[in-house]
Amino acid sequence: MTETSTATPFSYTNAHLSSNVSRNGSLNGNEDEYAQVRQFLHTMSIIVFCLAFIFGVLGNGLVIWVIGFKMKLNATTFWFLNLAVADFLFTAFLPLSVAYTAMHFHWPFGKFMCKFHNTINVLNMFASVYILVIISVDRCVCVVWPVWAQNHRSVRKASCVSVGVWVLAVVLSTPYFFLKDTMALNPQNIIYCYNNYAFSDGFVTPSVLQLRHRAMTISRITFGFVVPFTVIVSSYAVIIYRLRNRAFANQSGRTFKIIIAIIITFFLCWVPYHTLTLTEMVKMHMAKPPKSLHHVLIIGAPIATSLAYFNSCMNPLLYVFIGHDFKNKVCKSVLKILENAFQEEGSRSQTYTKTVTTSQSKDKSVSDTMI
């Protein structure tokens, strides 16, 4: 059993092609009942991929430039920098997905790029979610043990933790490099990039293929969503419990709001993806899956894929719109907005104090002049 798909970790071509490809790889003659819907979703996916590429490369590139070259690094900004790098890496390869989708799922880039592109996509998913885990735990530590955090949090230690996160993401995404393969399924020599659970050209029993498919799907959902978000929710449960004290609540500023917004956005963008991945697994292991289940995948999967793609360009927008009052955004440069978004609460309060003092001095000078 081979699961045909794009180079992404999950794509709606899985749902579409699995209905047209029999278990031995031949095409059946069933007419597509949802041709117009599928064409609309196909066009929508191309548009979303293009927008995600443009906004993702420009937005995350700007974030990398601002944090890396225009700001003094601290532990918090270093987490945001790693998150931007993960998203930038993903969006930089999106033109391959755009071309593949626009060419009606013909993969002309070779077997290695099929494997590499898919691995980059899965790497982004694991790296992003575990960076959010580190950010959440870091916030929890700052609230629960503020003195310890102030004395021990440093860019050097954040760098070591970040290396560990990237190593973990590489380890978790490596199996997907070996999973992907290319195959021509029809006389028109259209090449598909698909999930080959046989891992080779040799014969493998259907039960083994089903076991591998189930193992890959469950491990991706478990380590790419359930475990990370359990830690994230637990961390913020502790934070909310401690923030009952208004002294802590007053210290919770703009950075906290940005982190919450990023996590909620990530959750909303990836829940449909993992839900439909699980639905697809259930369908593929059913002897006679209901037609309605196939229709759900046909319609829902491209939307879920587009949401997952678009998540990689959302964070820079959140930095801008939450980073400062909207009225001030019109008057301030993007650089200043991003600097304010990433600025630590302590340094922000010092800046505010200096601003108030300077403002009061100016007011006094004006009063003296008027007198």
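Give the separation of the Cα centroids, segment 68-109 to segment 305-319, in Å.
If we compute the Cα centre of each part, the gap is 10 Å.
Can you give me the convex hull volume of the Cα atoms of segment 99-151, divided per residue and expressed in Å³? Walk me through the intermediate numbers first.
Details: hull volume 5.3 nm³, N = 53.
Output value, Cα hull per residue: 99 Å³.
Give me Trp148, Trp166 sorted ascending by neighbouring Cβ count inside 10 Å, so fewest comes first.
The fewest-first ordering by Cβ neighbours comes to Trp148, Trp166.
Scan around Ala184 for amide H atoms under 5 Å from its own, H built in the peptide plane at 1.01 Å from N, and keep only partners 5 or more places away or cross-chain.
HN-HN under 5 Å from Ala184: Tyr192.
Most exposed first by the Cβ proxy, i.e. fewest other Cβ within 10 Å, how do Val204, Val167, Val57 rank?
Least to most surrounded, the residues fall as Val167, Val204, Val57.
Based on the alpha carbons, how large is the Rg to Rh ratio for segment 74-170 when Rh follows Kirkwood? If you can, show how the numbers build up before the last one.
Working: Rg = 17.4 Å, Rh = 15.1 Å.
That ratio equals 1.15.
Set the Förster radius R0 to 45 Å, insert the Cβ-Cβ distance between Leu293 and Val137 as r into 1/(1 + (r/R0)^6), and round the FRET efficiency to 0.05. Display every interim value, and only then the final one.
Values: r = 38 Å, r/R0 = 0.85.
The calculated FRET efficiency here is 0.75.
Over 23 Å between Cα atoms, which of Lys70/Lys157; Lys180/Lys291; Lys72/Lys157; Lys180/Lys283 qualify?
Lys180/Lys291
Counting other beta carbons within 10 Å of each residue's own, what order do Val137, Val129, Val282 fall into, fewest first? Mind dumping the intermediate values first?
Working: Val137 16, Val129 24, Val282 12.
Result, fewest neighbours first: Val282, Val137, Val129.
Describe numerically, in nm with one decimal, the distance between label points set 7 Å from Cα along Cα→Cβ at Thr43 and at Ser159.
With each label point 7 Å from Cα toward Cβ, the separation is 5.1 nm.
Every read-out reported here was derived from the displayed coordinates using simple, explicitly stated rules and does not represent laboratory data. Note that the coordinates shown come from a computational prediction; the quantities given were computed from them, not determined experimentally. Glycine also receives a Cβ, built like all others from the backbone with ideal geometry; neighbour counts cover every protein chain displayed.
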